[in-house]
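Contents: one structure, followed by commentary.
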Amino acid sequence: MTDLTIGLNTVWMLLAAMLVFFMQPGFAFCEAGFTRSKNTVNILFKNFVDFMVGSLLFWFVGFGFMFGSGGEGFIGAPNFCDLSFYTHPAGLPTEGFLMFQTVFCATSATIVSGAMAERTKFSMYVIYSILISLIIYPVEGHWTWGGGWLMDGSGDSFMMRTFGHTFHDFAGSAVVHSVGGVLAFTGAFILGPRIGKYDKNNKSKAIPGHNLTLAALGVFILWFGWFGFNPGSQLAVATAADRTAVSHVFLTTNLAAVAGGIATMCVSWIKYGKPSFSLTLNGILAGLVGITAGCDIVSPAGAVAIGLVCGTVLVFAIEFIDTRLHIDDPVGASSVHGVCGILGTLMTGLLAVDGGLMYSGDLSLLGAQCMGIICIDTWAAASGCLMFYAIKKIAGLRVDKRVEEEGLDIYEHGESAYN
């Protein structure tokens, strides 16, 4: 029975990894559809690069950095291709668990590409994708999922002494999405806006994407893949308790997605006089990002509340970042993944059925969530600023004006997506 249980759980883990991998074309189509046709090859290529680079580096040293020994330390020990150091506590194969974690690492790196689309040198994109997969993601991943200090539940640990609770991020609202969103924000800020995005009075001008059909297909794929991202993080289906937990996460994930989409549709309808399809697509993603931290411990009603809040805030966040901060984010990654990742993480501390402020009146979990998101995103912001600024000064982050105006596809790759 033990072999059968581990076998079923292994199959479920690998199936979930396949679903999360399938989110890569979702991101690629979504980003390509929201941007102009002259840069489509460049965007599609970058999504392949994220997974190719991330897979090699995470297998080579990143897995050790994230899950190696270190306790409450800053980072685990590098593994240098040797996986023998790790034994999964539930008996799952190390190679399978590595693959499951690899697809999450690639997702975090991919988020950044959309915010910096249409004006970034491909060679420099490869460099910062390497740094995200090699250092930035594994470090904060070690703090949380790798047994580091944010998840240390021993009685004398910092989190237990300070809050009486550890940080909770079931599938990555903070670890994956907010980190990707913060890096996207810092990268877009340092890179600067696209040519023609702001007029001489600094007023924002819309630059429509070339294919909303492609963007819609991308969002459908991402929505589908999220059923591996969140329920798959349970990593087990063999027992009755596991099956109940996975089913609950499926339900909360879907409810948050539809609530996010409905909220964005209604708010955009009221605010702009017409329901915006492109904003609603991002609203669905906002709900999915928001529920990812607490999908296992919030009720279905709580999931709807998270989706509604994230979908509503998204509209104002996109407008604020664009028109007030004058940061050009073509796909809204900073708002969808950054803002809503932070919101979802904090709302877990409010709406968790066991320990949430709204249920227990206890601030312990909310305090732990605040501590975790502050530390994780401060790390992402600081490392992102240093990385992008260094690349900009040393090698140049942005393509020449002529390349940007005529399109990156021909100049950077010598080929076009459409003939």
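The values are calculated or read from the model by the stated rules, or taken from the named source; none is laboratory data. Everything numeric here is computed off the predicted structure, so don't read it as measured data. In this analysis, Cβ positions are derived from the backbone assuming ideal geometry, glycine residues included, and neighbour counts consider all displayed protein chains. Areas reflect the complete protein model, heavy atoms only, side chains present, ligands, DNA and RNA absent. Shrake-Rupley method; radii C 1.70, N 1.55, O 1.52, S 1.80 Å.
What the table shows:
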{"item": "By average C-beta atoms within 10 angstrom, highest first, the peptides 388-401, 224-237, 181-194", "result": "181-194, 224-237, 388-401"}
{"item": "Computed over the chain: relative contact order in percent, which uses C-alpha pairs under 8 Å that are six or more apart", "result": "24 percent"}
{"item": "Gain in span if fully extended, F316 to I374, counting 0.36 nm per residue against the direct Cα distance", "result": "18.7 nm"}
{"item": "Equivalent ellipsoid semi-axes - Cα gyration tensor, the range 46-205, angstrom", "result": "33, 20, 11"}
{"item": "Which of K197, K38 is most accessible, then next, and so on - probe 1.4 Å", "result": "K38, K197"}
{"item": "For the range 329-357 versus the range 129-159, the gap between their alpha-carbon centres in whole angstrom", "result": "19 Å"}
{"item": "Span per principal axis, largest first, for the Cα atoms of the chain (Å)", "result": "62, 50, 39"}
{"item": "Separation between Cα centres of the range 177-220 and the range 81-119, rounded to whole Å", "result": "26 Å"}
{"item": "Under 15 Å, Cβ to Cβ, from L366 - net charge with Lys/Arg +1 and Asp/Glu -1", "result": "-3"}
{"item": "For the range 113-228, projected area of the alpha-carbon convex hull averaged over all directions, nm²", "result": "10.6 nm²"}
{"item": "Hydrodynamic radius by Kirkwood, which averages 1/r over all alpha carbon pairs of the range 246-364, in angstrom", "result": "14.0 Å"}
{"item": "Span-rule helices in the chain, defined as complete DSSP H runs reaching 30 Å or more along the axis (Cα) with Kyte mean at least 0.0", "result": "94-115, 240-272, 364-394"}
{"item": "Contour minus Cα-Cα distance for A301 and F48 (0.36 nm per residue)", "result": "87.3 nm"}
{"item": "Ranked packing of 310-316, 339-345, most packed first, by mean Cβ within 10 Å", "result": "339-345, 310-316"}
{"item": "For V258, solvent-accessible area (1.4 Å; no DNA, RNA or ligand), Å²", "result": "50 Å²"}
{"item": "Alpha-carbon Debye profile of the range 172-231, log10 I(q)/I(0) at 0.25 Å⁻¹", "result": "-1.05"}
{"item": "Two-decimal log10 I(q)/I(0) for the range 306-369, as the Debye equation yields it once each C-alpha is a single scatterer, q = 0.20, 0.25, 0.29 Å⁻¹", "result": "-0.74, -0.92, -1.09"}
{"item": "Relative contact order (%) - the range 175-324, alpha-carbon pairs under 8 angstrom, separation at least six", "result": "23 percent"}
{"item": "The range 175-332 - convex hull of alpha carbons, volume per residue in Å³", "result": "110 Å³"}
{"item": "Residues E95 and L4, FRET efficiency given R0 of 30 Å [Cβ-Cβ distance, rounded to 0.05]", "result": "0.95"}
{"item": "Gyration tensor (Cα) of the range 303-419, equivalent ellipsoid semi-axes in angstrom", "result": "38, 18, 12"}
{"item": "Equivalent ellipsoid semi-axes, the range 33-121, via Cα gyration tensor eigenvalues times 5, rooted, Å", "result": "32, 13, 10"}
{"item": "Cα Rg over Rh - the range 264-328, Kirkwood", "result": "1.03"}
{"item": "Normalised contact order of the range 302-419, rounded percent, pairs of Cα under 8 Å and 6 or more residues apart", "result": "13 percent"}
{"item": "Ranked packing of 360-369, 73-82, 115-124, most packed first, by mean Cβ within 10 Å", "result": "115-124, 360-369, 73-82"}
{"item": "Potential extension, I207-K401 segment - 0.36 nm per residue separation minus Cα distance", "result": "68.2 nm"}
